[in-house]
Number of protein chains: 2
Amino acid sequence: MTTNQDIKHNGKVPEPTLRRLPWYLSTAKLLKQRGERFVSSTQIAKDINMDASQIAKDLSYVHIAGRTRVGYEVETLIAVLEDFLGFTRLHKAFLFGVGSLGGALLHDSGLQHFGLNIVAGFDVAPRLVGTRLNGIPIFHTDEFELRRMEYGVDIGILTVPIELAQAITDKMVAGGIKAVWNFTPFRIRVPEHIVVQNTSLYAHLAVMFNRLNFNDIQQ
Amino acid sequence: MTTNQDIKHNGKVPEPTLRRLPWYLSTAKLLKQRGERFVSSTQIAKDINMDASQIAKDLSYVHIAGRTRVGYEVETLIAVLEDFLGFTRLHKAFLFGVGSLGGALLHDSGLQHFGLNIVAGFDVAPRLVGTRLNGIPIFHTDEFELRRMEYGVDIGILTVPIELAQAITDKMVAGGIKAVWNFTPFRIRVPEHIVVQNTSLYAHLAVMFNRLNFNDIQQ
């Protein structure tokens, strides 16, 4: 009486699926707040205006069994999704470049609720080195390799000026960092086994400005 | 002796192109710092490890003329790209939800260099309303429509908890906001003429965690 259980996936979960799963998690959390016990993909589809078959397909990756007619148990769906997305386990990270955006990210304690624990920042500015921001220590960039062994960190967040982006990335990789979360608008190069996640707020701004002007011209 | 000039595009610039253009801008800025006067798409391609024909195609949208053999003038390329991407003109924005992430964004003065000027924040928390963060005033959410007329703002940044995401979006749209920059992991619904730019840091984290685990299993 379960569905999805015989859909097998080997290998990687597609990136578009990984990007959509947090939507379903949010919807499930809202339903829980409203006291709902069960939810079907059809209901989620209606709530967020998406195709139900796409949702069912995406959810087939997370190995959760839905019951015919009633759908998924809301509490279970939340727990399984949070676990699958890596939000239940804290991943330690270092942040490189405590400037305007880097400092802002150190202030965002919300990242902890989604599995990211920034344990230290690195910079070269004398006014920053040796201080703390939001309780997080800031070390000199030269201390990185030593501190990595101390903290056991796999993730590096890149918020340096573009002219340092590649050099700091190379330093991270040489020091054993396995994933780089790149907030700079620079396209960094890394060896094949290193994970890069690009989040350029400026590229998103460019898309938004362009669409806004386009709509203005059309109207 | 110019290239690209007879390539005509009608209508929208594709989103992938808009997302890649900031890479070329960064590369051009670096070349300028190094004292270079000209750059070809072949050179950019080598610098950032991309296909040269893709770069030439993307740049054909921005109406910049390259000279045969020498390529684009670096200074002109920077100026034309910054203008095309909307970074040279300040776009006023309101931010809704001065929590951890919202507060962090108010602290990020770097957004101004890319054309975004957050002129006010909105929240309902008594400890926030009437105060300033990084010099930016925080008003009660009820004051939004009044303040919109005062400031003439078209962009709303959404950093509220997920249970408020749709209600605040509806309020923005009713009050005349034309573009929503959505940082929540909730999929908001808007009328067709409203621009939505989703930037879910948490969705990006999920992709990064997943790839990191996948690499660990493979090795």
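The values are calculated or read from the model by the stated rules, or taken from the named source; none is laboratory data. What you see is a predicted model; the values in this text were computed from it and never measured. Cβ placement follows ideal geometry from the backbone for every residue including glycine, while neighbour counts extend to all protein chains displayed. Note: accessible area is taken over every heavy atom of the protein model, side chains too, but ligands, DNA and RNA are not part of it. Shrake-Rupley method; radii C 1.70, N 1.55, O 1.52, S 1.80 Å.
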Relative contact order of the stretch A:91-204, pairs being alpha-carbon contacts under 8 Å that are 6 or more residues apart, as %
24
Cβ charges +1 (Lys, Arg) and -1 (Asp, Glu), total dipole of chain A, debye:
460
Find every distance from the label point of A:Val196 to the corresponding label point in the other copies (7 Å from Cα along Cα→Cβ) and write them in nm, one decimal, shortest first.
3.0
Could you check the simple spin-label distance between B:Glu192 and A:Ala52, using points 7 Å along Cα→Cβ, in nm with one decimal?
2.5
Could you tell me which of rounded, prolate or oblate describes the stretch A:28-67, using a ≥ b ≥ c as the square roots of the eigenvalues of the alpha-carbon gyration tensor, with rounded for a/c under 1.5 and, failing that, prolate when a/b is larger than b/c and oblate otherwise?
oblate
Just to confirm the number: angle between the C-alpha axis of helix B:201-218 and the first principal axis of chain B, 0 to 90 degrees, nearest 10?
60
Pairwise FRET efficiency - B:Arg37 versus A:Asp83, Cβ, R0 = 56 Å, nearest 0.05:
0.55
With the contact rule set at Cα under 8 Å and sequence spacing of 6 or more, what percent relative contact order holds for the stretch B:151-219?
28
Over chain A, what is the relative contact order in percent, taking alpha-carbon pairs closer than 8 angstrom and at least six residues apart?
14
Measure off 7 Å from each Cα along the Cα-to-Cβ vector at A:Met149 and B:Thr131, then give the distance between these two points in nanometres to one decimal.
4.3
Set A:Lys12/B:Lys57; A:Lys46/B:Lys178; A:Lys32/A:Lys57; A:Lys178/B:Lys92; A:Lys92/B:Lys92 screened for pairs whose C-alpha atoms are more than 27 Å apart
A:Lys12/B:Lys57; A:Lys178/B:Lys92; A:Lys92/B:Lys92
Between the Cα axis of helix A:15-33 and the main Cα principal axis of chain A, the angle (0 to 90°, nearest 10) is 70
Heavy atoms of A:Trp181 accessible to a 1.4 Å probe, total area in Å² rounded to 10:
0
222 nm [θ] for chain A, helices only, -39500 (n - 2.57) per DSSP H run of 4+, per residue, to 500?
-13000 deg cm²/dmol
What translational D, rounded to a whole number of µm²/s, comes out for the stretch A:4-84 from Stokes-Einstein when the hydrodynamic radius is the Kirkwood one over Cα pairs, at 37 °C and 0.692 mPa s?
259
For the stretch A:91-204, what is the charge dipole size about the Cα centre, in debye to the nearest 20, if Lys and Arg each add +1 at the Cβ and Asp and Glu each add -1 at the Cβ?
120
